[in-house]
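Below: one structure, written as structure tokens.
The values are calculated or read from the model by the stated rules, or taken from the named source; none is laboratory data. On a predicted model such as this, the values are computed, not experimentally measured, just so you know. Because the Cβ atoms are built from the backbone with ideal geometry, glycine has one as well, and the counts that use them run over all protein chains shown. All accessible areas refer to the heavy atoms of the entire protein, side chains included, with ligands and DNA or RNA removed. Shrake-Rupley method; radii C 1.70, N 1.55, O 1.52, S 1.80 Å.
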Amino acid sequence: MENDVQNFDSQIEIQIAAYSDLHRWNDYVSQHTRASAYHRFGWLQAVKGAYGHDSFGIIAKNKETQSIVGVMPSVIMRAPFLGAQLCALPYCDVGYAIGDNAEIEEQLRQYLVEYVSKTNTKKLEVRNIDNTAQQPESLKHQKVRMLLPLPESSEALLAGFKSKLRSQIRKAEKNGLTAVLGTEQKFIDEFYNVYATNMRDLGSPVHAKKWFQQVIKAYGSNSVIGVVYHDGKAIGAGLVIKNNTNASIPWASTLREYNKLAPNMLLYWSLLAHCADNSVECFDFGRSTFEEGTYKFKKQWGAEPQLLNWQKYNSTGRPITEEIDSSQQSKLRSMAESIWQKLPLSITVSAGSLIRPYISL
């Protein structure tokens, strides 16, 4: 847009956030009931630091007092030969507007829609949520995020689990597994080795290690890595980011040859316990397809689904209707995954680091 500031009504103005807005942005996000850990300015910093994509966070301010009344994080992703797209937010599940009221949130979203249409940006993606109550039959085949309310302590959390779940946690401990939390480079290295191996086995390109280093750097004390060990070897790892009283786990992996020892149970327990003991009230397990494998794993901890409502707009600002993958596309994807799984780990890390910056999921 020609101007950094745009007026939608006589009360507020919307402008592109600068680095100088970081502390005020985070203060607003910290107190907002609908904010996620991804809404913190750190996500935009990490994207820029790791992959060079320009942040396009926008702020709504009261004209008279200049106080912040809403924010919406987004990123301009420029891919070679494919042009630019605006994503709110890449590499995670959510990136919707948060504001003092629904009208301000709609104005923030509309600002991005108008930016796309005026600059001929290829598309806009807004990763919203649906807060309305959903019947189970309406969630079939839908993408949801799984949310778990946490009590005031890990002791209370453990006491609230079903006996089967507690026995699975104890099984991991009886198998000689241990869990340690931290954010030092050692933890990032061990996390990345497990993550990269697991993603290769799944046939999916990996983020560069620099991405996780930038996330930890940007979030600081609002981040933690959990690592599970067997005989001194890291066999499971997960990364959690926090915002005031809520936390999210964007990545968690285990080495499949050790899954019979239940490292995933100890990994999630250690991170959940840490969050419960550090004033986190809601834990976001991340995206799953309703009633499928990862959904059932997260459900056993007591997490409940919230519908993800992702919206896309074309270069004219018109909504894009998502098309269901054809069988041919599915075959091509399966073929690509099969080839990727057979590649040496070092090749998948190198290739993935080149490809992954341009995949918004």
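Of all residues in segment 260-276, which are open to solvent by 30 Å² or more (accessible area, probe 1.4 Å) and without any contact (Cβ under 8 Å) to a residue 60 or more places away in the chain?
Lys260, Asn264
Results for (1) under 15 Å from the mean Cα position of the chain (by Cα); (2) within 20 Å of Lys174 (Cβ to Cβ), shown as yes or no for each residue.
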{"position": "Gln214", "(1), (2)": "yes, no"}
{"position": "Lys233", "(1), (2)": "no, yes"}
{"position": "Thr245", "(1), (2)": "no, no"}
{"position": "Pro250", "(1), (2)": "yes, no"}
{"position": "Lys260", "(1), (2)": "no, yes"}
{"position": "Ser270", "(1), (2)": "no, yes"}
{"position": "Gly293", "(1), (2)": "no, no"}
{"position": "Lys296", "(1), (2)": "no, no"}
{"position": "Glu304", "(1), (2)": "no, no"}
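Within segment 316-337, does at least one residue satisfy the condition of being part of a helix (DSSP H, G or I), surrounded by fewer than 17 Cβ atoms within 10 Å (Cβ to Cβ) and touching a Gly at 6+ places or on another chain (Cβ under 8 Å)?
Let us first name the residues in segment 316-337 that are part of a helix (DSSP H, G or I), namely 327-337.
Pick out the ones that are also surrounded by fewer than 17 Cβ atoms within 10 Å (Cβ to Cβ) and you get 327-337.
Now narrow it down to the ones that are touching a Gly at 6+ places or on another chain (Cβ under 8 Å): 336-337.
Within segment 316-337, one or more residues are part of a helix (DSSP H, G or I), surrounded by fewer than 17 Cβ atoms within 10 Å (Cβ to Cβ) and touching a Gly at 6+ places or on another chain (Cβ under 8 Å).
Quick check on my filter: what residues within segment 207-259 are part of a loop (DSSP other than H, G, I, E, B) and buried (at least 18 other Cβ atoms within 10 Å of the Cβ)?
Let us first name the residues in segment 207-259 that are part of a loop (DSSP other than H, G, I, E, B), namely 207-208, 231-232, 244-245, 255.
Result: His207, Ala208, Asn244, Leu255.
So is Ser279 open to solvent by 50 Å² or more (accessible area, probe 1.4 Å), farther than 30 Å from Lys342 by Cα and assigned to a helix (DSSP H, G or I) or not? Before the answer, list the steps.
Details: open to solvent by 50 Å² or more (accessible area, probe 1.4 Å): yes; farther than 30 Å from Lys342 by Cα: yes; assigned to a helix (DSSP H, G or I): no.
Taking the combined requirement at face value, the residue does not satisfy it.
Is there any pair with a first residue in segment 150-167 that is among the hydroxyl-bearing types (Ser, Thr, Tyr) and a second that is surrounded by 11 or more Cβ atoms within 10 Å (Cβ to Cβ) and at pLDDT 95 or above whose Cβ atoms are under 8 Å apart and which are 6 or more apart or on different chains, and what are they?
Ser153/Ala276; Ser153/Asp277; Ser154/Leu272; Ser154/Ala273; Ser154/His274; Ser154/Ala276; Ser154/Asp277
Scanning for something within 30 Å of Pro263 (Cα to Cα), outside any strand (DSSP E or B) and aromatic (Phe, Trp, Tyr), does segment 115-130 turn up at least one residue? It would help to see each step written out before you state the result.
Going residue by residue through segment 115-130, those that are within 30 Å of Pro263 (Cα to Cα) are none.
Checking segment 115-130: not a single residue is within 30 Å of Pro263 (Cα to Cα), outside any strand (DSSP E or B) and aromatic (Phe, Trp, Tyr).
Cβ-Cβ under 8 Å, sequence separation 6+ or interchain: first residue in segment 76-104 and modelled with pLDDT of 95 or more and of a type in the set (Phe, Trp, Tyr), partner open to solvent by 10 Å² or more (accessible area, probe 1.4 Å) and assigned to a strand (DSSP E or B). Which pairs?
Tyr91/Pro250; Tyr96/Asn128; Tyr96/Ile129
Sort out which residues of segment 51-67 are open to solvent by less than 20 Å² (accessible area, probe 1.4 Å) and over 10 Å from Glu13 (Cα atoms), and write them in order of number. First the steps, then the outcome.
Step one: of segment 51-67, the residues open to solvent by less than 20 Å² (accessible area, probe 1.4 Å) are 53, 56-61.
Answer for segment 51-67, where residues must be open to solvent by less than 20 Å² (accessible area, probe 1.4 Å) and over 10 Å from Glu13 (Cα atoms): His53, Phe56, Gly57, Ile58.
Can you tell me which of (1) open to solvent by 60 Å² or more (accessible area, probe 1.4 Å); (2) outside any helix (DSSP H, G or I) is the one Leu147 doesn't meet?
Here Leu147 meets the rest and fails (1).
Kindly provide the set of residues from segment 107-135 that are farther than 18 Å from Ala84 by Cβ and of a type in the set (A, V, I, L, M), ordered by number.
Leu108, Ile129, Ala133
I'm checking my understanding of the structure. Among residues of segment 178-206 that are outside any helix (DSSP H, G or I) and under 30 Å from His23 (Cα atoms), which one is most open to solvent (accessible area, probe 1.4 Å)?
Step one: filter segment 178-206 for residues outside any helix (DSSP H, G or I), giving 178-184, 203-206.
Okay, now just the ones that are also under 30 Å from His23 (Cα atoms), so 181-184.
Numbers: Leu181: 61, Gly182: 11, Thr183: 52, Glu184: 109 Å².
The selected residue is Glu184.
Would you confirm, using the coordinates I've provided, whether Gly49 is closer than 18 Å to His207 by Cα, at pLDDT 95 or above, more than 16 Å from the chain's Cα centre (by Cα) and outside any loop (DSSP other than H, G, I, E, B)? Break it down stepwise before answering.
Numbers: closer than 18 Å to His207 by Cα: yes; at pLDDT 95 or above: yes; more than 16 Å from the chain's Cα centre (by Cα): yes; outside any loop (DSSP other than H, G, I, E, B): yes.
So Gly49 passes the test.
Is it the case, given these coordinates, that Lys143 is at pLDDT below 95, under 30 Å from Leu354 (Cα atoms), basic (Lys, Arg) and touching a Phe, Trp or Tyr at 6+ places or on another chain (Cβ under 9 Å)?
Working: at pLDDT below 95: no; under 30 Å from Leu354 (Cα atoms): yes; basic (Lys, Arg): yes; touching a Phe, Trp or Tyr at 6+ places or on another chain (Cβ under 9 Å): yes.
So Lys143 does not fit the description; no.
Residue by residue, here is whether (1) farther than 24 Å from Leu271 by Cα; (2) surrounded by 16 or more Cβ atoms within 10 Å (Cβ to Cβ) holds:
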{"residue": "Tyr111", "(1), (2)": "yes, yes"}
{"residue": "Ile129", "(1), (2)": "yes, yes"}
{"residue": "Ser138", "(1), (2)": "yes, no"}
{"residue": "Ser154", "(1), (2)": "no, yes"}
{"residue": "Gly176", "(1), (2)": "no, no"}
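Residues to consider are Val180, Val206; find the one that is modelled with pLDDT of 95 or more and under 28 Å from Thr245 (Cα atoms). Steps first, please.
Details: Val206 fails: under 28 Å from Thr245 (Cα atoms).
Going through Val180, Val206 in turn, the sole match is Val180.
Could you give me the residue pairs with C-beta distances under 8 Å whose first residue belongs to segment 338-361 and is in a helix (DSSP H, G or I), whose second residue is β-branched (Val, Ile, Thr) wherever it lies, and which are 6+ apart or on separate chains?
Going by the 8 Å Cβ cut-off, the qualifying pairs are Trp340/Thr348; Leu345/Thr197; Thr348/Val206; Val349/Val206; Gly352/Val206; Ser353/Val206; Arg356/Val206.
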